[in-house]
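Written below as structure tokens is the structure these notes are about.
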Amino acid sequence: MNLAGKTAILTGASRGIGPYIAKTLSAQGVTIIGIARSESGLNETKSMVESEGGTFHSYLQDLTDINELAPMVHKLEDQYGPIHILINNAGIEHYEHYDRLSRDKISDIMNTNVRCPMELTRVILPKMIEQKEGHVITIASLAGKKGLAYNSVYSASKAAMIMWSDGLRQEYRDSPVHVSVICPGFISDAGMFYDGHVPPPPLLGASNPQKVANAVMKALKKGSCEIIVNKGPIKPLLAISQLSWKISDTITRWFGVPALNRKRISG
Ligand SMILES: NC(=O)c1ccc[n+]([C@@H]2O[C@H](COP(=O)([O-])OP(=O)(O)OC[C@H]3O[C@@H](n4cnc5c(N)ncnc54)[C@H](OP(=O)(O)O)[C@@H]3O)[C@@H](O)[C@H]2O)c1
């Protein structure tokens, strides 16, 4: 896809990784429609993008209001024209013992991380097919590749996004629409992990958020389907986890991941 002149919807544009994606895409001439609940956060991203000559439109929306998403997309299309790129980036996590999680919290995570990307894509996809151009990119997580203790609903939501993207990619293989999923590990400097103020396990490390934005760009330019963003090589470990949950659990414990997650339970 030639990116100049294209329009992208980017959810979660108010803070964390979203602004990095906004800046990187807008530098290529993509108009960004940034969605989040925080007006001040969106304003900050807008100023940053516009100070570098890009175009950024803010749209305030709670993405857990699933029934509001189709009208929102239609409104945005009327206002800004065809949407060529959808980046499902907004996401939430919550560290807690599973037996202490409320039903509302589970709904919140699943609505934000799963139902919202599915609904936005359901609404935008027919237009992308009609206009013979489109790319749906979802920011999942390595947490979707190996379950996380004390954050299992988040893990489940990201696993859902990885498999959903996998299915969609095969289903729309012969269509003009591309489907990609990005799986970051721990991210430094900004975002939900950084905001937890807990250092990453030394053996795993953390990647710069720009690496996620670069992965989005790679997906757009090369049509890459799944990109892992991680400090060190993780694929052999993921392969082991397919062969033996016992070895995989032991390695995960050895890296200190469950202990780290336990520290992130608030209160
Ligand atoms: N940071 C990491 O280490 C890491 C690692 C792997 C994967 N990821 C994934 O990367 C994506 C971005 O994460 P991040 O680290 O940038 O998170 P973040 O700093 O917590 O930012 C989350 C973004 O999502 C938006 N959002 C959350 N709930 C929303 C809702 N109900 N309605 C509208 N917007 C909502 C937030 O905006 P408002 O609060 O203003 O609404 C914010 O812009 C997520 O999908 C996350 O799972 C992150």
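Of note:
- Looking across region 70-92, just one residue is within 10 Å of the ligand (Cβ to nearest atom) and over 26 Å from GLY223 (Cα atoms), and that is ILE92.
- Taken together, the criteria exclude THR112 from residues that are hydroxyl-bearing (Ser, Thr, Tyr), more than 10 Å from the ligand (Cβ to nearest atom) and within 27 Å of ASN214 (Cβ to Cβ).
- Boolean, ASP174 is more than 23 Å from ALA8 (Cα to Cα) and among the acidic types (Asp, Glu): no
- Residue among ALA160, ALA140, ALA156, ALA149 that is touching a strand residue (DSSP E or B) at 6+ places or on another chain (Cβ under 6 Å) and small (Gly, Ala, Ser): ALA140
- Taking the conditions (1) over 16 Å from the mean Cα position of the chain (by Cα); (2) over 21 Å from TRP164 (Cβ atoms) in turn, VAL73 satisfies each one other than (2).
- Qualifying residue in region 132-140 (condition: open to solvent by 20 Å² or more (accessible area, probe 1.4 Å) and not hydrophobic (A, V, I, L, M, F, W, C)): yes
- The sole residue among LYS158, LYS105, LYS146 that is more than 30 Å from PRO236 (Cα to Cα), modelled with pLDDT of 95 or more and of a type in the set (Lys, Arg) is LYS105.
For (1) over 16 Å from the mean Cα position of the chain (by Cα); (2) within 11 Å of the ligand (Cβ to nearest atom); (3) small (Gly, Ala, Ser), each residue gets a yes or a no:
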| position | (1), (2), (3) |
| --- | --- |
| THR7 | yes, no, no |
| ILE17 | no, yes, no |
| SER40 | yes, yes, yes |
| MET48 | yes, no, no |
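The values are calculated or read from the model by the stated rules, or taken from the named source; none is laboratory data. Computed from a prediction, not measured in an experiment: that's the story for all the values here. Using ideal geometry, Cβ is built from the backbone for each residue, glycine included, and neighbour counts are taken over all protein chains shown. What goes into the accessible areas is simple: the full protein's heavy atoms, side chains included, and nothing from ligands, DNA or RNA. Shrake-Rupley method; radii C 1.70, N 1.55, O 1.52, S 1.80 Å.
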